[in-house]
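Structure, as structure tokens:
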Amino acid sequence: MNLDKYFVKAELIPAIIQEESTGEVLMLAYMNKESMAKTLETGYTWFWSRSRQELWNKGATSGHLQKVVSIHGDCDDDTLLIKVEQTGPACHTGSKSCFFKEIK
């Protein structure tokens with residue numbers, strides 16, 4: 001699979017991670033071509049850490065893995081929706097989802 005079309009506009013693209021069974025949005029992270037390829041190869045999510053400037057496999061340290069069920073690109077091929085089977089919490093704070101701070 002040629003991944004180049006997803007990285008025409010930028011080296012990093014947002015990846016929205018959604019729990020397959022409930023539809024809950026768990027997190028948003030960024031992927032580069034290498035992390036997307038590793039995700040497709042392994043069946044588990046890999047991202048690019050903008051703060052650490054390195055690849056990271058979600059859950060490799062915590063055990064809170066994300067098994068990929070499906071990956072969809074948006075209409076512009078610059079954002080991904082990844083449906084996963086989440087083991088444990090998705091957020092590093094221990095929350096199920098990273099989206100728990102209500103603003104309004």
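Cross-link partners of residue 83 among aspartates and glutamates, defined as those whose alpha carbon lies under 14 angstrom from its own and excluding same-chain residues fewer than eight positions apart: 19, 20, 24, 74.
Give the carbon-plus-sulfur fraction of the accessible surface of the chain in %, rounded to a whole number; probe 1.4 Å, heavy atoms of protein chains only. Let's see the in-between values first.
Numbers: 3310 of 6450 Å².
After summing per-atom areas, the C and S share lands at 51 percent.
At most 16 other Cβ atoms within 10 Å plus a DSSP loop assignment makes a site exposed; report the longest stretch of the chain without any exposed chymotrypsin sites (Phe, Trp or Tyr not before Pro). Before the final figure, lay out each step's value.
Values: sites that count: 99, 100.
The answer is 1-98.
Any idea what diffusion coefficient the chain gets from Stokes-Einstein, in µm²/s, Kirkwood Rh on alpha carbon pairs, 25 °C, 0.890 mPa s? Working shown, then result.
Details: Rh = 13.9 Å.
My calculation gives 176 µm²/s for D.
For residue 9, the aspartates and glutamates whose Cα falls under 12 Å of its own Cα, not counting residues fewer than eight places away in the same chain, are 76, 77, 78. Roughly what angle does helix 33-42 make with the longest principal axis of the chain, taking Cα atoms, 0 to 90 degrees, to the nearest 10? On a 0 to 90 degree scale, this one is about 60.
For the stretch 57-63, putting each phi into the Karplus relation 6.51 cos²θ - 1.76 cosθ + 1.60 with θ = phi - 60° gives couplings of 9, 4, x, 4, 8, 7, x Hz, in residue order, rounded to whole numbers and with x for Gly and Pro.
For the chain, with every protein chain kept in place, what is the accessible area per residue (1.4 Å probe, Å²)?
Details: 6450 Å² over 104 residues.
On a per-residue basis, 62 Å².
Here is how the number arises for the chain: DSSP H runs of 4 or more residues each give -39500 (n - 2.57), the sum is divided by the residue count, and the result at 222 nm is -3000 deg cm²/dmol.
Using a probe of 1.4 Å, the accessible surface attributed to residue 61 totals some 140 Å² when neighbouring protein chains are kept in position.
Model label points for residue 76 and residue 60, set 7 angstrom from Cα along the Cα-to-Cβ axis, are 3.0 nm apart. Cβ screening of the chain for cysteine pairs under 4.7 Å finds these without a partner: 75. Coupling constants for the stretch 44-49 follow from the phi torsions by the Karplus curve (6.51 cos²θ - 1.76 cosθ + 1.60, θ = phi - 60°), and in residue order they are 10, 6, 10, 9, 9, 7 Hz; glycine and proline get x.
Mind checking the full-extension length gain between residue 87 and residue 25? Use 0.36 nm per residue of separation minus the Cα-Cα distance, one decimal, nm. Intermediate results must be reported in sequence, preceding the final value.
Working: separation 62, 0.36 × 62 = 22.32 nm, distance 1.43 nm.
Here the answer is 20.9 nm.
For the chain, the dipole from Cβ point charges (+1 on Lys and Arg, -1 on Asp and Glu) about the Cα centre works out to 320 debye, to the nearest 20. Backbone amide hydrogens, once placed in the peptide plane, bring residue 80 within less than 5 Å of 15, 16, excluding anything fewer than 5 places away on its chain.
The values are calculated or read from the model by the stated rules, or taken from the named source; none is laboratory data. These numbers were taken from a predicted model, which means no experiment stands behind them. Heads up, the Cβs are rebuilt from the backbone with ideal geometry, glycines too, and the neighbour counts pull from every protein chain shown. Surface accessibility is based on the protein's heavy atoms, side chains included, excluding ligands, DNA and RNA. Shrake-Rupley method; radii C 1.70, N 1.55, O 1.52, S 1.80 Å.
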